[in-house]
Amino acid sequence: MNGVSSTATVHEDYYTIEEDYLDIVLAAKEDFEREIMPMTRRAIKEMIAEADPEFVRTCRTEYLTGALEKLTLEKERFVSLYEDSTKRDLASINRLYFGDKVLKISSEIDKLQRQISALRHPEHKGQIAEEMIQRAKECPFTEIVEFRRNTATCPFHADKTPSMHLYEKDNRTHCFSCHRSFDTIGFMMERDGLTFVEAVKYLA
């Protein structure tokens, strides 16, 4: 009996310590969010304001480049899943889901690439309006590439059979051989070696 009573007491003490520890952690979290985080944000803003703009631009470019690499790997994973579901003839809903993920990630990649391009070429800032960019993205792909039944040979690798598919609704292409996706701007930049600004002006 004494052994059982002693064990129960130890358990009660253990739970009491756990609850006390949890209260301390929660209180520290509240203090951090209420006081330390605002101070940290202010300090960061002050550092950025005082820092060399070139240094800030370089840091931002490196951060976005890292995010771009992660998204590119994620896109490759979903492309692989899409191809695997096609080979195994899985339900079309799976292919639609994986294909949709590829397109959405491709769109995010395009945004990051534009941000990185703007950071690397600040002299181009202000040369083009957002409306021009939108018009360039809406330029029909069929005016740039000749498609047959929404497929065409990909210009970025030795493509014996058409492997580049046109998604008319999104006005995007995806090659199922080299796994590269483009909107009209990215396509022109890659195919013709244009800068972002040049591609937008050409298409718009």
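Estimated purely from DSSP H runs of n ≥ 4, each contributing -39500 (n - 2.57), the mean residue ellipticity at 222 nm for the chain is -22500 deg cm²/dmol once divided by its residues.
Note on residue 157 and residue 202: with the Förster distance fixed at 25 Å, the Cβ-Cβ geometry gives a FRET efficiency of about 0.60.
When only the Cβ of Lys, Arg, Asp and Glu is charged (+1, +1, -1, -1), the dipole of the range 126-204 relative to its Cα centre reaches about 280 debye. Put a plus charge on the Cβ of each Lys and Arg, a minus charge on the Cβ of each Asp and Glu, and nothing anywhere else: the dipole of the chain about its Cα centre is then about 1360 debye. Within the range 118-194, the percentage of alpha carbon pairs spaced more than 22 angstrom apart rounds to 28%.
Can you bin the chain into rounded, prolate or oblate? Criterion: square roots of the alpha carbon gyration tensor eigenvalues sorted a ≥ b ≥ c, rounded for a/c under 1.5, prolate for a/b above b/c, oblate for the rest. Here the chain falls in the oblate category. Projecting the Cα atoms of 171, 144, 47 onto the dipole axis of the chain, where Lys and Arg carry +1 and Asp and Glu carry -1 at the beta carbon, places 144 farthest toward the positive end.
Loop-located trypsin sites (Lys or Arg not before Pro) in the range 169-204 (DSSP state other than H, G, I, E, B) with a sparse environment of at most 13 neighbouring Cβ atoms within 10 Å: 169.
Compute the distance from the alpha-carbon center of the range 135-204 to that of the range 32-103, in whole Å. Rounded to whole Å, the Cα centres lie 23 Å apart.
Any read-out appearing in this document is the output of simple, stated calculations on the displayed coordinates, not a laboratory observation. Note that this is a predicted model, so its numbers are computed, not measured. So basically every Cβ, Gly included, is an ideal-geometry build from the backbone, and we count neighbours across all protein chains shown.
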